[in-house]
Amino acid sequence: MNAHQLLTPEALPLALAAAAGANLLLIALIVCNKIARDRREIRAGTVRTSVINDVVSLLEGDREDVVLPPPRHHDAVVALDAVLSVLEAIKGDSEAVLVTLLEQSGYIGTLAQRARSRDPVRRCASAMLLGAARSAQGAAVLFELLENDPAPEVRTIAAEALGSIGDPRSVPLIMKALAHAAPFQQLRLAGVLVAMGAAAAPFLEHALREPGEMPITLVLEALSEIGLLEDAQPVLTLLRHASPEVRGRAATLLGAAGVVDSVPDLAFASRDAFWFVRLRIAKALGALGVPDREPAYAAYFAVLQHLLLDDNWHVRRNAAAALAPAGAQGEAILRSDGSAFARAALQQLR
Amino acid sequence: MSLVHHVFNAFSWFAIAYTFFVDATYYLFTIMAFFALHRHIHTRTRERLERIFRSRLVPPISIVLPAWNEEATVVDSVRGMLRQLYSQYELIVVNDGSTDGTLARLTEAFRLERIEKTYTDDIATAPVRAVYSSYEYTRLTVVDKLNGGSKADAINAGINASSYPLFCACDADSLLEEDGLLQLAVPMLDRSGFVPASAGVVRAANGSRVARGTLYDIALPRRPIEIYQIIEYLRSFLAGRTAQSSMNIMLIVSGAFGLFNKAIVKEVGGYNGNALGEDFELIVRITKHLHEQGSPFEVVFVPQTVCWTMVPHDYATLGRQRARWHRGLLQTLLWNRDMVFSPAYGRTGIVGMGTLLLIEVLGPLVECLGYIMLPVAALIHAIAPWTAVLFFLISVFGGTLLSLSALLLEERSFQRYKRPRELERLIFYAIFENFGYRQLTLWWRTKASLLFLTNRRSSWGEMSRKSFS
């Protein structure tokens, strides 16, 4: 058979019509999608403005009641988002008013139901919204998800949601989840603990003494971000850990927690072979500031002067940055050094 | 039938079968991209990522920015890079022997000071003249080196100077959105397997408004040549790469914007200075290396992560760019021809490399041949003239279908072009792309293939580039 017998007078125009028709259909789909989306956005804007106005009037006492769309209404998502955006900005009694509004309107109940969906994406979305809603009813559901949900992503989001509520009862559960989580989940769970601040610090310190399966570097970084440390001794021991990552982070924690008496230990550790450990020590010293007692005071300037001559320019720059605000003695050391970083540090000071 | 008629008949059958194969492959990729994008959009929200990545707990990243004669755009690019939301990163600009005022502009804008070079050159490059840092912009380091004859050499110098385990290779005329690094880093952290590289989308900034390194009004350009490229990039990134990533056969991480595991890049010897398509060649080499080691891995595409760049605004520059890309493709395929259709390299070898050869390499040649053979066949009455015309229109409409599908993907996902008039223009140019522009790109690629086969040397050539501002 010849090819052009396939391409017959009947077949080709039909094929052309089909191809053109498919193109027209696509154009119609694109245009309809755009029109529908624009209309949804306009509608959403109107609903959002109306709900926010009503909610603000309620909080200011100009209204006694606000009627939100029912939870399964097509405007419910926008209405919920509007209420949550106001909730994010307020605290105290006003928060309680809005939480009650959401509970009485059935939103919390609906989200709690959806948190039991078979679809993990739906459970994640519900958990996030329950966290933003800061409801006690919602917190109970989140605890259940954190303890029992089979999907790690759902458990992580439940932890994040409890973290945004700030419920300290969740800390032990989050610590337990952290020990067995994948790296990304660990990062996020550690972030939740940081957000919990003082409530999480004792548990994190305990993990330093008895790490088990806990990632020590993450625990150290989390404590550094919180900036609290009751007992510095385990951290001073970690300055001699086999891993340079751990040594460096131990130094950062000592600086962040303001453990001035650790300066002699930091000075000793500054002979570390790894430049990024020495860098963290320089930064920690900068964070600590000039100690007000011996032997830390003498060790402080000695170690920074030594680090100003380090092989690595990152270390030198941070040593100069630490010396600049360290009073007359710091300035004198920088002037006698005369390097580009020393000059720049002095200039910044002025 | 005469011999000539037999030849034309055989070619006609081949052309029908080939067109069907190519179109079916692209349509399949587009459908896969629809589902992959839908899944992707519903699994991440920006707010959660912001909370995570402002934290110091995240793995630090080095951004490497090679710059050669980029005085028009480099300061804006660096300012944009320094606004990243990611909390732990450094920016290394490599001034690759520029003969214009690139280094002077950087020195003035960021108050650079010369410092000692204290790192070792793990990957051999052209000599480094000096290293600069800024006391005020502590994340910034500038490496000034002699030109090594390739962008690869410059990136390797940046890798040598980098301090962190991940590096992001960008172009000096790239504008990253402020959550760009953040989005690109997620796959490196949340996949259970090893991710040697993750890629973002490159979009054309032409026509958009930029001030001090920030893109603040996305708009379509006026010139058709620029709009055609926008449509091509949508097809290539939103449809093509999304589908490839979902099948784990991604073979390219754009040199304009990609995140890499530094250890694996050093393990394979860094970028190849002799490669015309150094970004593509590196990924193929990493893929090959990991397959040979038997290590599972995934190169991931992150469709909502955007890098904006200025695309060529004149046909001469565009032609040179496309010719260079095509020669880079041919060169890398030739160097790694043992991977093509080889089951030893899994889906990457069979589907990934296979489709590159059959579609990207063979496609322009077959299509160009068709443009010659069909009219000749009509002239010698091997086929009826209207048959030739209809066949041409069918293949054109097949092409417009793909471009319109990419526009629908864009509308269903990111909707970067908000104005209705812009959508009208995109639809218009998606159709008319196939009457002239497509044929021009075909010619450039065919010419590149012929030059490659005759072993003619090629270089980057002069790239005329508009500033963002």
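General observations
- Residue within the stretch A:95-107 that is within 30 Å of A:Met214 (Cβ to Cβ) and small (Gly, Ala, Ser) present: no
- Inclusion of A:Arg155 among residues that are crowded, with 21+ Cβ neighbours inside 10 Å and assigned to a helix (DSSP H, G or I) is warranted.
- Hey, B:Thr400 among the polar types (S, T, N, Q) and surrounded by 20 or more Cβ atoms within 10 Å (Cβ to Cβ) or not: yes
- Filtering A:Ala282, A:Ala296, A:Ala257, A:Ala251 for residues that are buried (at least 18 other Cβ atoms within 10 Å of the Cβ) and in contact with a Gly (Cβ under 8 Å, 6 or more places away or on another chain) leaves a single hit, A:Ala257.
- The number of residues in the stretch A:122-143 that are hydrophobic (A, V, I, L, M, F, W, C) and over 15 Å from A:Glu160 (Cα atoms) comes to 1.
- The residues on offer are B:Arg416, B:Arg425, B:Arg412, and the sole one that is under 23 Å from B:Ala24 (Cβ atoms), touching a residue at least 60 places away in the same chain (Cβ under 8 Å) and surrounded by fewer than 21 Cβ atoms within 10 Å (Cβ to Cβ) is B:Arg412.
- Taking the numbered list (1) touching a residue at least 12 places away in the same chain (Cβ under 8 Å); (2) facing chain A (nearest Cβ under 10 Å); (3) part of a helix (DSSP H, G or I) in turn, B:Leu393 passes all entries but (1).
Residue by residue, here is whether (1) within 9 Å of chain B (Cβ to nearest Cβ); (2) surrounded by 16 or more Cβ atoms within 10 Å (Cβ to Cβ); (3) without any contact (Cβ under 8 Å) to a residue 12 or more places away in the chain; (4) not hydrophobic (A, V, I, L, M, F, W, C) holds:
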residue: A:Ala19; (1), (2), (3), (4): yes, yes, yes, no
residue: A:Ile30; (1), (2), (3), (4): yes, yes, yes, no
residue: A:Arg48; (1), (2), (3), (4): no, yes, no, yes
residue: A:Ile90; (1), (2), (3), (4): no, no, no, no
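- Among the residues of the stretch B:97-124, the one identified as without any contact (Cβ under 8 Å) to a residue 60 or more places away in the chain, more than 14 Å from chain A (Cβ to nearest Cβ), over 23 Å from B:Val75 (Cβ atoms) and not hydrophobic (A, V, I, L, M, F, W, C) is B:Asp121.
- The stretch B:231-258: number of residues that are part of a loop (DSSP other than H, G, I, E, B), closer than 19 Å to B:Ser174 by Cα and not aliphatic (A, V, I, L, M): 2
- No other residue among B:Asp144, B:Asp153 is over 14 Å from A:Trp313 (Cβ atoms), not hydrophobic (A, V, I, L, M, F, W, C) and not in a helix (DSSP H, G or I) apart from B:Asp144.
- When residues of the stretch B:54-83 are limited to those that are in a loop (DSSP other than H, G, I, E, B) and among the hydrophobic types (A, V, I, L, M, F, W, C), the one nearest to B:Asp153 (Cα to Cα): B:Trp68
- Residue match in the stretch A:316-325 (condition: of a type in the set (S, T, N, Q) and surrounded by 21 or more Cβ atoms within 10 Å (Cβ to Cβ)): yes
Listed here are the residues, each with its yes/no results for (1) at positive phi; (2) within 34 Å of the chain's Cα centre (by Cα); (3) within 13 Å of chain B (Cβ to nearest Cβ); (4) not aromatic (Phe, Trp, Tyr).
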| residue | (1), (2), (3), (4) |
| --- | --- |
| A:Ile281 | no, yes, no, yes |
| A:Ala287 | no, yes, yes, yes |
| A:Val290 | no, yes, no, yes |
| A:Ala298 | no, no, no, yes |
| A:Arg317 | no, yes, yes, yes |
| A:Ala326 | no, yes, no, yes |
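- Considering residues of the stretch B:372-390 that are crowded, with 21+ Cβ neighbours inside 10 Å and more than 8 Å from chain A (Cβ to nearest Cβ) only, the residue farthest from B:Phe29 (Cα to Cα): B:Ala377
- Considering residues of the stretch B:67-90 that are touching a strand residue (DSSP E or B) at 6+ places or on another chain (Cβ under 8 Å) and among the hydrophobic types (A, V, I, L, M, F, W, C) only, the residue nearest to the other protein chains (Cβ to nearest Cβ): B:Leu82
- Matching residues in the stretch A:176-194 - criterion: being in a helix (DSSP H, G or I) and either surrounded by fewer than 17 Cβ atoms within 10 Å (Cβ to Cβ) or away from every other protein chain (no Cβ under 12 Å) (or both): A:Lys176, A:Ala177, A:Ala179, A:His180, A:Pro183
- Where B:Ser198 falls short, out of the listed (1) crowded, with 22+ Cβ neighbours inside 10 Å; (2) part of a strand (DSSP E or B); (3) more than 18 Å from the chain's Cα centre (by Cα): (3)
- Among the residues of the stretch B:353-390, just one is in contact (Cβ under 8 Å) with a residue 60 or more places away in the chain and among the aromatic types (Phe, Trp, Tyr), namely B:Tyr371.
- Pick from the stretch A:195-223, criterion charged (D, E, K, R) and in a helix (DSSP H, G or I), ranking: surrounded by the most Cβ atoms within 10 Å (Cβ to Cβ): A:Glu221
- Some residue of the stretch B:431-446 being of a type in the set (D, E, K, R) and more than 14 Å from every other protein chain (Cβ to nearest Cβ): yes
- Within the stretch B:17-26, the set of residues being within 11 Å of another protein chain (Cβ to nearest Cβ), surrounded by fewer than 16 Cβ atoms within 10 Å (Cβ to Cβ) and touching a residue at least 60 places away in the same chain (Cβ under 8 Å) is empty.
- Residue list for the stretch A:224-245, filter: buried (at least 21 other Cβ atoms within 10 Å of the Cβ) and either basic (Lys, Arg) or within 14 Å of another protein chain (Cβ to nearest Cβ) (or both): A:Ser224, A:Ile226
- Exactly one residue out of B:Pro420, B:Pro385 is within 21 Å of B:Phe11 (Cα to Cα) and modelled with pLDDT under 90: that is B:Pro385.
Yes/no matrix, rows are residues, columns are (1) assigned to a strand (DSSP E or B); (2) more than 14 Å from every other protein chain (Cβ to nearest Cβ); (3) more than 23 Å from the chain's Cα centre (by Cα):
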site	(1), (2), (3)
B:Ile92	yes, no, no
B:Asn160	no, yes, yes
B:Ser163	no, no, yes
B:Ala169	yes, yes, no
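- Which listed residue, of B:Ala72, B:Ala67, B:Ala33, B:Ala15, is at pLDDT below 90 and under 23 Å from the mean Cα position of the chain (by Cα): B:Ala72
The values are calculated or read from the model by the stated rules, or taken from the named source; none is laboratory data. These numbers come from a predicted model, not from an experiment. Methodologically, a virtual Cβ is constructed for each residue, glycine included, from the backbone with ideal geometry; neighbour enumeration extends over all protein chains shown.
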